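Working notes, structure below.
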Amino acid sequence: MKLASLTLAATLLSSAAYAETTLTLYTSQAPEQAQETVDAFEAAHPDIKVEWTRNGTSALMNVMRAEIEAGQVQADVLLVADVINLGELKAGGHLMAYEDAPVADYDAATYDPDMTFFGTKAITTGIAYNPQIAEPVESWMDLLKEENRGQIAVPSPLYSGAALNHLHALINAEGIGWDFYEGLADLDIVPEGGNGPATKAVASGMAKYAILVDANALRAKADGSPIDYIAPKDGVSFITEPAAIMSTTQHPEEAKLFIDFLLSREGQELVSKQGNLPILPGVAGPEGFPALEDMKLLGYDADEAVKTNEEVRAKFAEIFGF
């Protein structure tokens, strides 16, 4: 009887230990989306718990650099805005390759060829405006008018990964370049924060326009806010909100399951439900979103962006007096 009791106790202890497996996620997703993503994953894998920390991608990267320097990396998995910062981590040998990730149905342009990070959605950045106080525009340079002085909300690439991606895309776009950002500075525009505050600024009428990701503008519009979204004719930047596994993880198999979930049909349907464009073929996007094929997409050399990123950030800070 004692032996049976000991055996049962050992079994329960073993099960409890497995049930207590915890992944640490660093993400730039909006808090409510991050919670939805974690809840859906935990429902699919009740034996794995996910603890998550949310901040802007650039802010998270500052934390990651400090943790790497101290030899105390906390995150197992990253789900952040752009490939530039993940490219930096990859170059430093800080990402684990997941060679068997389920990407067979995905466009090769959406994931790292070395299988260290994987796009999970498509997020474009265009121009949002408040139709009660502003007229729609056709191009980025159309914003640079005296009547828009102090009236354009701009997320900061020193905080937001999407804004950093947008910066690299625009400065490499013909006819836009650094002239656009210098023009914003001349109009007393002060980039700050992320896409959330910029959304609120336009929807509340505090700003006429914003440089904004599609989902923020279109979700707010669907909720009844006076805001609309424009894909400028000279192009939109785009990110794929890639996910990656840190090379220091103590839970590589569980981390792979998290990547699997994000790339699964269930994970991609959640992307659409959350108001973003899924990138798995055959999964419909949210109602009211422009189709990717209908927009001019502004790409750039990601490897070159990693090399020049500090120089680009420094020039941006100089232009705006940071």
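Taken together, L78, L143, L86 contain a single residue that is crowded, with 18+ Cβ neighbours inside 10 Å, under 30 Å from S225 (Cα atoms) and not polar (S, T, N, Q), which is L143.
Restricting the stretch 55-75 to residues that are buried (at least 18 other Cβ atoms within 10 Å of the Cβ) and not β-branched (V, I, T), the residue that is modelled with the lowest pLDDT is S58. Exactly one residue out of A210, A198, A217, A203 is among the hydrophobic types (A, V, I, L, M, F, W, C), surrounded by fewer than 24 Cβ atoms within 10 Å (Cβ to Cβ) and not assigned by TED's automatic domain parsing to the domain that holds R54: that is A203. Of the residues making up the stretch 88-116, just one is within 20 Å of P281 (Cβ to Cβ) and assigned to a strand (DSSP E or B), namely Y111.
Condition test on I189, is it in contact with a strand residue (DSSP E or B) (Cβ under 6 Å, 6 or more places away or on another chain), at pLDDT 95 or above and either of a type outside the set (D, E, K, R) or on the phi < 0 side of the Ramachandran plot (or both)? Yes. If you filter the stretch 181-211 down to residues that are of a type in the set (A, V, I, L, M) and part of a helix (DSSP H, G or I), you find that the one that is nearest to the chain's Cα centre (by Cα) is A198. Of the residues making up the stretch 41-81, those that are out of contact with any Asp or Glu (no Cβ under 8 Å at 6 or more places or on another chain), assigned to a strand (DSSP E or B) and under 21 Å from A91 (Cα atoms) are V77, L78.
Between A81, A97, A104, the distinction of being over 30 Å from A153 (Cβ atoms) and in contact with a Ser or Thr (Cβ under 8 Å, 6 or more places away or on another chain) belongs to A97 only. Pairing each residue of the stretch 282-296 that is among the aromatic types (F, W, Y) with any residue that is part of a loop (DSSP other than H, G, I, E, B), provided the two are 6+ apart or on different chains, yields C-beta distances under 9 Å for F289/G275; F289/N276. I'd like to know if the stretch 256-268 contains one or more residues that are assigned to a loop (DSSP other than H, G, I, E, B), modelled with pLDDT of 95 or more, over 19 Å from the mean Cα position of the chain (by Cα) and polar (S, T, N, Q). No: the stretch 256-268 contains no residue that is assigned to a loop (DSSP other than H, G, I, E, B), modelled with pLDDT of 95 or more, over 19 Å from the mean Cα position of the chain (by Cα) and polar (S, T, N, Q).
Go through the stretch 122-138 residue by residue and tally those that are surrounded by 15 or more Cβ atoms within 10 Å (Cβ to Cβ), in contact with a Pro (Cβ under 7 Å, 6 or more places away or on another chain) and not β-branched (V, I, T). Going through the stretch 122-138 one residue at a time, the tally reaches 3. Among the criteria (1) over 26 Å from L280 (Cα atoms); (2) without any contact (Cβ under 8 Å) to a residue 60 or more places away in the chain, the one A163 does not fulfil is (1).
Evaluating T308 against the criteria (1) in contact (Cβ under 8 Å) with a residue 60 or more places away in the chain; (2) assigned to a helix (DSSP H, G or I) leaves one unmet condition, (1). The sole residue among E174, E147, E138 that is modelled with pLDDT under 95 and either outside any loop (DSSP other than H, G, I, E, B) or at negative phi (or both) is E174.
The values are calculated or read from the model by the stated rules, or taken from the named source; none is laboratory data. Note that the coordinates shown come from a computational prediction; the quantities given were computed from them, not determined experimentally. As a convention, Cβ positions derive from the backbone with ideal geometry for all residues, glycine included, and neighbour counts pool all protein chains shown.
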